[in-house]
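The structure under discussion appears below in the form of structure tokens.
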Amino acid sequence: MFHSSQSMWFRKAQKWQLEVDVVVIGSGAAGAVAALAAHAGKAKVAVLEKSDRFGGTTAVSGGVVWVPCNKHMADVGIADSFDDALAYVTRLADGRSEPALIRRYLETAPQMIDFVEGATPIAFKALGRYPDYHPEFAGGRPGGRSLDPGLFDTNTLGPWKDKLRRSPVFGMTAMSVSEATDWGVFSKPSALPFGLLAKRFKQGLVCYGGALSGGLLKALLDRGIEPTLGTSAEELLVDDDRVVGVRARQGDKDILIGAKRGVVLASGGFEWNADLCRRFLGGPLTHPNSPPGNDGDGLRMAMSLGADLGNMSEAWWCPSLMVPGEEYDKRPLHRGDFATRSLPHSVIVNKQGHRFVNEAHNYNDLMKAFFAFDPVAYERTNLPAWIVIDQQYLDRYALLTYVPGMPIPEWLIKADSLDELATAIGVDARGLAATVLRFNRFAVEGADPDFRRGESLYDHFYGDPEHKPNPNLGTIEKGPFYAIAVHPGAIGTKGGARTDGDARVLRPDGAPIPGLYAAGNVMAGVTGAGYPGAGATIGAAMTFGYLAGRHAAQRSG
Amino acid sequence: MPEVEYTTKMALSRELVWEFVKDMNNWAPMLTGYQKHEIIDDKDSIWTLKGDVGILSRMVRLKAHVTEWSDRDRVAFTLEGQNEKVDGGGLLVMEDVVADAPPPPPPPKRWFGRRFMDWLARKMFRRMHGEGPKRLAAPAGTEGGTRLTFTLRMEAGGPTGPLVNAMLGPALLPAAEDLANKIAAHLEKVHLGSGATSGSGSAAEKAA
């Protein structure tokens, strides 16, 4: 028999402060969709969010949703098939996810999109030009399978307007992903319409994850579901093997919330919990990109009930850069790097001064090269690592808060020669000189036989289309030269409670824990080791949130 | 350039207020987001502030240069960003409050939307920086005093200037209020001792 840390008779004697059918823990896309789906199934729903803002990791993300075979792909002339998607995801999962779960994801995701579009003001558009992250693999799509939520007017949220979480990176520039692509956000940053963006900011428009979370919040509010902010779930309450409620912390008091039909864990990953990261992850995760509240509380609650775990060594990896002094939610801000390493006139080197990866590769798989281990030296060969650029880069492209035309940032390490730069960052100078010499030859020739940078359509998406002969390769030869440290980061972890096709949390024997569901980064990720395309995080999270909410609503109370 | 003005009244003599305000070292630590300041010479100093840029906070280093230092009356200074493309300035003016004089005209009434935006900006500001200083009421029967007016203007330049200004603008008035009230609260605490919470001031936005 499962039980919480306190005795059962005590629990039964408790009077719930609130009793609903379904309690959802977390307000990211997984939680919000679970709540909407449960409500659509006639369930009374409560959404608990421990921070003082709605939206979780979704709200700070790109907000794109990766859904194979979605109905909008046809609008941009992309054909898809279930078999192609299955082959593609199965290969990327690398045996770390269950085939039945992958099938369930791919079968359900298009239905989920129909449901969300019916239930919210969100009207997705297929991007059509954002390639899958391995577009050349069998089943991959060069135009991608990603959906953009567009812009959202926060004024429609009324008093909830300032309770919507804002991204520290995207929260001030209201442009849709399509616009960002059209405007050359990476390759022509100086040409961005900053006046228009300022106007939109003043108007209260948001984009990316803010738009997705805003639309989901609006739908919840329209149904009378007001998320309870500043309330952290602490313990799952169990009666006769069944999860029947939650003990939550609100300020300095505990509240007991009954859940007649189920509890959905949608509380995010554990990337901000250094202890869990050390214990489980396959590499050091020191600079997460998500809101700091993602500290594994949902995982801990699932473990306390004996949940089986899966995919625990994996994360949605992403290289991180830092501007010293920047903070978000009172913690250092780690900015995910998507373009610096992909644009011409940049390389990543290790302490030997050697390149070690296709820098323009997708952020998830790229990071794995940072964790390479030298068994003889007994150290990670590629940590620490540095992005090295030259003045040509800064004359053309943006870097974190810098846009050409602004003063060169003080946080960039600067030197007049590569030798001096190598000394300044503690990198072998001869190694760096040889690397740059070789790379410059590749840049002139337009091909990188060492690491194949600039071969894939994915690489090109983050490159400079006007740069010839290759949009990702440019010489590093014009001083001054600059460097910035690259840190191991992640958008979130993706190991957690194993679930079945209805998002029910499973015990090690394969039986579900009655009344307990998981979706999003708190569950064992359906894509295993892989990152199929932009929005695969949110696509899977929303799909399993949808399955969880739908199933929970159907359970007898 | 966006400019805001905030005026507050203290039941203290102008001499007392001037003694404090005349030296930037006294009130620089009261600046919103203050981290440190370095004195270069009589007229120049570098302030390091943790500034809230919309959603996140960022370290900004500003060079303050005193342009006017009028005995017992005013301190004016310019601000020049050292690590960000931002410029501006400030003016602290002290005036005697004459007991029998008619009160100064109230600041022009702003349209509802503007007042709502200011309210929202104050709310966000307080969320990030905590509640404002506790002001003390003047002892009964006190007449006269000093009116302290702080004018602040800031503008970001460069290609991203319009966007940064859109975020910076709403934060200016709460920042001006914060400094003026902190100066006043400090002086009231030192010279008036304990008393009831009061706090009085009026704001005006000079240019958008």
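If you take the residues in segment A:176-199 that are assigned to a loop (DSSP other than H, G, I, E, B) and open to solvent by 50 Å² or more (accessible area, probe 1.4 Å), which one is nearest to the other protein chains (Cβ to nearest Cβ)?
In the first step, residues of segment A:176-199 are kept if they are assigned to a loop (DSSP other than H, G, I, E, B); the result is A:176, A:184-188, A:192-193.
Remaining after also requiring open to solvent by 50 Å² or more (accessible area, probe 1.4 Å): A:186, A:188.
Details: A:PHE186: 15, A:LYS188: 11 Å.
So the residue we want is A:LYS188.
Cβ-Cβ contacts under 6 Å between residues 6 or more apart (or on different chains), taken from a first residue in segment A:398-409 that is closer than 15 Å to A:ASP464 by Cα and more than 7 Å from every other protein chain (Cβ to nearest Cβ) to a second residue that is at pLDDT 95 or above and part of a loop (DSSP other than H, G, I, E, B), are listed as A:LEU399/A:THR340.
Taking residues in segment A:435-459 that are closer than 25 Å to A:PHE137 by Cα, and partners anywhere that are assigned to a helix (DSSP H, G or I), the pairs with Cβ atoms closer than 6 Å and at least 6 places apart or on different chains are A:ASP448/A:PHE442.
Within segment A:290-314, residues that are in contact (Cβ under 8 Å) with a residue 12 or more places away in the chain reach partners that are in a helix (DSSP H, G or I) and open to solvent by 10 Å² or more (accessible area, probe 1.4 Å) with beta carbons closer than 6 Å, at six or more positions or on different chains, in the pairs A:SER290/A:THR57; A:GLY296/A:LEU276; A:MET312/A:PHE280.
Only one residue in A:ALA123, A:ALA138 is closer than 21 Å to A:VAL177 by Cα and in a loop (DSSP other than H, G, I, E, B). Which one?
Details: A:ALA138 fails: closer than 21 Å to A:VAL177 by Cα.
Within the list A:ALA123, A:ALA138, the selection yields A:ALA123.
The residues listed here are A:ASP329, A:ASP337; of these, the one that is within 14 Å of chain B (Cβ to nearest Cβ), over 14 Å from A:PHE451 (Cβ atoms) and either within 23 Å of the chain's Cα centre (by Cα) or not polar (S, T, N, Q) (or both) is A:ASP329. Figure legend. Inter-residue proximity from segment A:206-228: first residues over 15 Å from A:PHE170 (Cβ atoms) and of a type in the set (Gly, Ala, Ser), second residues part of a helix (DSSP H, G or I) and modelled with pLDDT of 95 or more, beta-carbon distance below 7 Å, spacing 6+ or different chains. Indicated pairs: A:ALA219/A:LEU36; A:ALA219/A:ALA119.
Results for (1) over 27 Å from B:GLY157 (Cα atoms); (2) in contact with a Gly (Cβ under 6 Å, 6 or more places away or on another chain); (3) of a type outside the set (A, V, I, L, M, F, W, C), shown as yes or no for each residue.
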site	(1), (2), (3)
A:VAL177	no, no, no
A:GLY204	no, no, yes
A:TYR208	no, yes, yes
A:ILE225	yes, no, no
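The requirement of being within 19 Å of A:ALA369 (Cα to Cα), open to solvent by less than 90 Å² (accessible area, probe 1.4 Å) and more than 32 Å from the chain's Cα centre (by Cα) is satisfied by A:GLY431. Scanning segment B:76-92 for residues that are among the hydrophobic types (A, V, I, L, M, F, W, C) and crowded, with 18+ Cβ neighbours inside 10 Å yields B:PHE77, B:LEU79, B:VAL86, B:LEU92.
Scan segment A:158-175 and tell me whether some residue there is surrounded by fewer than 18 Cβ atoms within 10 Å (Cβ to Cβ), within 28 Å of A:PRO332 (Cα to Cα), small (Gly, Ala, Ser) and facing chain B (nearest Cβ under 10 Å). No; the residues of segment A:158-175 include none that is surrounded by fewer than 18 Cβ atoms within 10 Å (Cβ to Cβ), within 28 Å of A:PRO332 (Cα to Cα), small (Gly, Ala, Ser) and facing chain B (nearest Cβ under 10 Å). The condition of being modelled with pLDDT under 70, open to solvent by less than 70 Å² (accessible area, probe 1.4 Å), of a type outside the set (Phe, Trp, Tyr) and assigned to a helix (DSSP H, G or I) holds for only one of B:LEU172, B:LEU120, B:LEU163, B:LEU168, that being B:LEU120.
Are any of the residues in segment B:19-42 out of contact with any helix residue (DSSP H, G or I) (no Cβ under 9 Å at 6 or more places or on another chain) and β-branched (Val, Ile, Thr)? Yes, there is a match, as at least one residue in segment B:19-42 is out of contact with any helix residue (DSSP H, G or I) (no Cβ under 9 Å at 6 or more places or on another chain) and β-branched (Val, Ile, Thr). Scanning segment A:510-525 for residues that are assigned to a loop (DSSP other than H, G, I, E, B), crowded, with 24+ Cβ neighbours inside 10 Å and aliphatic (A, V, I, L, M) gives A:ALA519, A:ALA524. If you go through segment B:73-80 one residue at a time, do you hit one that is closer than 23 Å to B:PRO162 by Cα, more than 17 Å from the chain's Cα centre (by Cα) and in contact (Cβ under 8 Å) with a residue 60 or more places away in the chain? No; the residues of segment B:73-80 include none that is closer than 23 Å to B:PRO162 by Cα, more than 17 Å from the chain's Cα centre (by Cα) and in contact (Cβ under 8 Å) with a residue 60 or more places away in the chain.
Hey, can you tell me all the residues within segment A:470-493 that are more than 30 Å from A:VAL64 (Cβ to Cβ) and β-branched (Val, Ile, Thr)?
At the first step, the residues of segment A:470-493 found to be more than 30 Å from A:VAL64 (Cβ to Cβ) are A:475-483.
A:THR475, A:ILE476, listed by residue number.
Candidates in segment B:28-46 are the residues that are in contact (Cβ under 8 Å) with a residue 24 or more places away in the chain and within 14 Å of another protein chain (Cβ to nearest Cβ); of these, the one that is surrounded by the most Cβ atoms within 10 Å (Cβ to Cβ) is B:GLY33. Checking each residue in segment A:308-332 for being among the polar types (S, T, N, Q) and open to solvent by 20 Å² or more (accessible area, probe 1.4 Å) picks out only A:SER313. Exactly one residue out of A:LEU366, A:LEU383 is in a loop (DSSP other than H, G, I, E, B) and of a type outside the set (Val, Ile, Thr), and it is A:LEU383. Considering each residue of segment A:411-427 in turn, at least one proves to be open to solvent by 20 Å² or more (accessible area, probe 1.4 Å), in a loop (DSSP other than H, G, I, E, B) and within 14 Å of chain B (Cβ to nearest Cβ).
I'm checking my understanding of the structure. Among residues of segment B:55-72 that are open to solvent by 30 Å² or more (accessible area, probe 1.4 Å), more than 18 Å from the chain's Cα centre (by Cα) and within 14 Å of another protein chain (Cβ to nearest Cβ), which one is modelled with the highest pLDDT? The qualifying residue modelled with the highest pLDDT is B:MET59.
Apart from one condition, A:LYS202 fits all of (1) more than 11 Å from every other protein chain (Cβ to nearest Cβ); (2) surrounded by fewer than 21 Cβ atoms within 10 Å (Cβ to Cβ); the exception is (1). For A:LEU394, the conditions (1) under 28 Å from A:GLY293 (Cβ atoms); (2) within 14 Å of chain B (Cβ to nearest Cβ) are fulfilled apart from (1).
Residues are listed down the side, and each one gets a yes or a no for (1) part of a strand (DSSP E or B); (2) in contact with a strand residue (DSSP E or B) (Cβ under 7 Å, 6 or more places away or on another chain); (3) not acidic (Asp, Glu):
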{"position": "A:GLU466", "(1), (2), (3)": "no, no, no"}
{"position": "A:PRO471", "(1), (2), (3)": "no, no, yes"}
{"position": "A:THR475", "(1), (2), (3)": "no, no, yes"}
{"position": "A:GLY479", "(1), (2), (3)": "no, yes, yes"}
{"position": "A:ALA485", "(1), (2), (3)": "yes, yes, yes"}
{"position": "A:GLY492", "(1), (2), (3)": "yes, yes, yes"}
{"position": "A:ASP502", "(1), (2), (3)": "no, no, no"}
{"position": "A:PRO508", "(1), (2), (3)": "no, no, yes"}
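If only residues of segment B:83-107 that are modelled with pLDDT under 90 and out of contact with any Ser or Thr (no Cβ under 9 Å at 6 or more places or on another chain) are counted, the one that is farthest from the other protein chains (Cβ to nearest Cβ) is B:ASP100.
The values are calculated or read from the model by the stated rules, or taken from the named source; none is laboratory data. Computed from a predicted model, the values in this text were never measured in an experiment. Glycine also receives a Cβ, built like all others from the backbone with ideal geometry; neighbour counts cover every protein chain displayed. For the accessible areas, the whole protein counts, side chains as well, though only heavy atoms, and no ligand, DNA or RNA atoms are used. Shrake-Rupley method; radii C 1.70, N 1.55, O 1.52, S 1.80 Å.
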